[in-house]
Amino acid sequence: MYKVDFPKDFPKNFLWGGATAANQIEGAWDIDGKGLTTAEVVRKADDRKKMSMNIVDPSSIKAAINDSTTANYPKRRGIDFYHHYKEDIKLFAEMGFKVFRFSIAWARIFPNGDNLQPNEKGFEFYDRVLDELENYGIEPLITLSHYEMPLALTQKQNGWLDRATIADFTRYTEVVFKRYRGRVRYWLTFNEINTGTWGFHETGVVDSHLDKKEQENVRYQALHHQLVASALATKQLHEIDPKAKMGCMLARMQTYPATCRPEDVRAAQMEDQKNLFFTDVQARGEYPEFMNRYFAENGIQIKMAEKDQEILASSPVDFVSFSYYMTTVTSAEAGEEVNGNMATGGRNKYLEESDWGWQIDPIGLRITLNEMWDRYRKPLFIVENGLGALDKLEDGKVHDEYRIDYLRKHIEQMKEAIKDGVQLMGYTMWGPIDLISFSTSEMSKRYGFIYVDQDDEGNGSLKRIRKDSFYWYKKVISSNGADLA
Ligand code: BG6
């Protein structure tokens, strides 16, 4: 008789932990030889519910360079992880983290991006972070490029628009892989690579002078260079450190059709395909036909070098990672839109929203996990998920029930997906310690289990305080996801 046997729970070696990015935590922006990065010239948002990342042009960059303070550029100060890393990692260890995701700031290693010799002082900081993680048996998961690059490359060659940036990037990845051979098992190339279609923050390309159509062309061209660089870095890693694994990283934007009208279903399918396109290239090694058609019909011409297709095909990633915060609705006609993670999308009347208007959808996570597993058949890793909220510190405590509730509901759906047969390697929730918001550069949009005493202006003692969710997550990890109460 056919015996039904399916996984019932999180696997024993499941990687529980948290995720951060250099430009949102490190601070120490102008010491130990570090170069200025693209993230450090983006002003904080005037309207906290609107993203500031698109307002970058030559004059705003010039103004930023002439401003040597951190007042308008909070990513320059972060939460001073550079000097607090020991204390912070100790707290992660106390929660029982199995893995910690962080990124290396390229400009710490190659301040101008095109230097020929790496900056030893920059490396020494990451050596110390790895030492500390090793002390506690926490596995590092390193992103090589998380929303920043040396600003000098933007000034010299307009970031990733120039093919020369591929060689600059692979010179950086090569020294990093050689330095950390045998010490780091899991890597990611570009954070949320698909958000490069939104401009500067991901590709370092200044294109504010172009019209929408030209911008789209320029952005897909820059992204093509990143896709090639990502494949080359994957190849390098496999050669330098055969036991290490490379993953791609997508801002997964699951979308639903607004109605069952075939026009809406088709519009949603197309939106979804345009989102998954990036993972298609990185995991399957080729541009999918639907995207070639989209490019042809929209006048997008991507210049490829002769060997590019061969490079993409030869080095697909080992695992597929993504961030998951929300879902949207797509209709064949324009409808009411909501804010969201780097994007806007249609409103779903069945879902609640966060204080920043991001639609909360735990079941959507199960749907996404199933779809991505079906499509790629590679181990999946949720490397970001969490709730940005306004926390209140009362008598030295933060009672963040709302955060626990959000995370609990998502973890429950992860468990369901595992029972559906999805191979899920791990879960690093976003911002285990409060950090500077990517989209608005504010401090008061908090995600952490650990409260950091700093306000939007940078005032505060930087003291770290355990929130209620800290103790909850500790229990989740020690019970391997069995106790979510
Ligand atoms: C992800 C980014 O898109 O969302 C992170 O990878 C970011 O860098 C996170 O911080 C949450 O977004 P925000 O704008 O609330 O910080």
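Per the 1.4 Å probe, what fraction of the accessible area of the chain, in percent, lies on carbon and sulfur atoms?
After summing per-atom areas, the C and S share lands at 50 percent.
May I ask you to compute the full-extension gain from residue 352 to residue 94, defined as 0.36 nm times their residue separation minus their alpha-carbon distance, rounded to one decimal in nm?
Between residue 352 and residue 94, full extension yields an extra 89.6 nm.
To one decimal place, what orientation-averaged projected area in nm² is obtained for the convex hull of the Cα set of region 180-261?
So the Cα hull casts an average projection of 7.9 nm².
Might you tell me the accessible area per residue for the chain, computed with a 1.4 Å probe and given in Å²?
Dividing the accessible area of the chain by its residue count gives 40 Å².
Semi-axes of the equivalent ellipsoid of region 139-188: what are they in whole Å, largest first, if each equals the square root of 5 times a C-alpha gyration tensor eigenvalue?
24, 12, 8
Taking the Cα centre of the chain as the origin, how large is its charge dipole in debye, to the nearest 20, when only Lys and Arg (+1) and Asp and Glu (-1) carry charge on their Cβ atoms?
Using only the charged Cβ atoms, the result is roughly 1040 debye.
Can you list the lysines whose alpha carbon is less than 21 Å from that of residue 75, not counting same-chain residues fewer than 8 positions off?
Those lysines meeting the cut-off are 34, 44, 49, 50, 62, 86, 121, 445, 463.
Regarding region 79-219, what is the average projected area of its C-alpha convex hull, in nm²?
Averaged projected area of region 79-219's Cα convex hull equals 9.2 nm².
When ranked by the protection proxy of mean other Cβ atoms within 10 Å per residue, highest first, what sequence do the peptides 299-311, 260-272, 129-141 form?
Going by the mean number of other Cβ atoms within 10 Å, highest first, we get 129-141, 260-272, 299-311.
Once you order the gyration tensor axes a ≥ b ≥ c over the Cα atoms, which shape class does region 429-485 get: rounded for a/c under 1.5, otherwise prolate or oblate by comparing a/b with b/c?
prolate
Looking at the P(r) of region 372-435, how many percent of alpha-carbon pairs lie beyond 19 Å?
Value for region 372-435 (Cα pairs over 19 Å): 43 percent.
According to the square roots a ≥ b ≥ c of the eigenvalues of the Cα gyration tensor, what is the shape class of region 139-291, taking rounded for a/c under 1.5, prolate for a/b larger than b/c otherwise, and oblate for the remainder?
Here region 139-291 falls in the oblate category.
Please compute the modelled spin-label separation between residue 263 and residue 333, points set 7 Å along Cα→Cβ, answer in nm with one decimal.
According to this spin-label approximation, the distance is 0.7 nm.
Over 38 Å, how big is the tail of the calculated P(r) for region 15-478, in percent of all Cα pairs?
Result: 17 percent of Cα pairs exceed 38 Å.
Using +1 at the Cβ of each Lys and Arg and -1 at the Cβ of each Asp and Glu in the chain, identify which of 112, 320, 360 lies farthest towards the dipole's positive end.
Highest projection toward the positive end goes to 320.
Any idea what the dipole of region 9-87 comes to, in debye rounded to 20, about its Cα centre with Lys/Arg Cβ at +1 and Asp/Glu Cβ at -1?
Using only the charged Cβ atoms, the result is roughly 180 debye.
Please report the net charge: other residues with Cβ closer than 15 Å to the Cβ of residue 68, K and R +1, D and E -1.
Surrounding charge for residue 68 is +3.
Over the heavy atoms of residue 4, what accessible area does a 1.4 Å probe trace out, to the nearest 10 Å²?
100 Å²
Based on alpha-carbon centroids, what's the gap between region 343-410 and region 222-281 in Å, whole number please?
20 Å
Using alpha-carbon pairs under 8 Å, 6+ residues apart, how would you state the relative contact order of the chain in percent?
18 percent
With a/c under 1.5 counting as rounded, go ahead and sort region 98-159 into rounded, prolate or oblate using the C-alpha gyration tensor (a ≥ b ≥ c being the square roots of the eigenvalues; past the cut-off, prolate if a/b is larger than b/c, else oblate).
oblate
Would you kindly state how much longer the chain becomes between residue 127 and residue 394 on full extension, computed as 0.36 nm times their sequence separation minus their alpha carbon distance, in nm to one decimal?
92.4 nm
Set Lys and Arg Cβ to +1 and Asp and Glu Cβ to -1, take the dipole of region 15-478 about its Cα centre, and tell me which of 386, 136, 72 lies farthest positive.
Sorting the options by dipole projection puts first 136.
Name the residues of region 97-131 whose amide N is less than 13 Å from a point 7 angstrom out from the Cα of residue 167 along the C-beta direction?
Zone members listed by number: 114-116.
The values are calculated or read from the model by the stated rules, or taken from the named source; none is laboratory data. The structure displayed is predicted, hence computed values, not measured ones. Methodologically, a virtual Cβ is constructed for each residue, glycine included, from the backbone with ideal geometry; neighbour enumeration extends over all protein chains shown. For the accessible areas, the whole protein counts, side chains as well, though only heavy atoms, and no ligand, DNA or RNA atoms are used. Shrake-Rupley method; radii C 1.70, N 1.55, O 1.52, S 1.80 Å.
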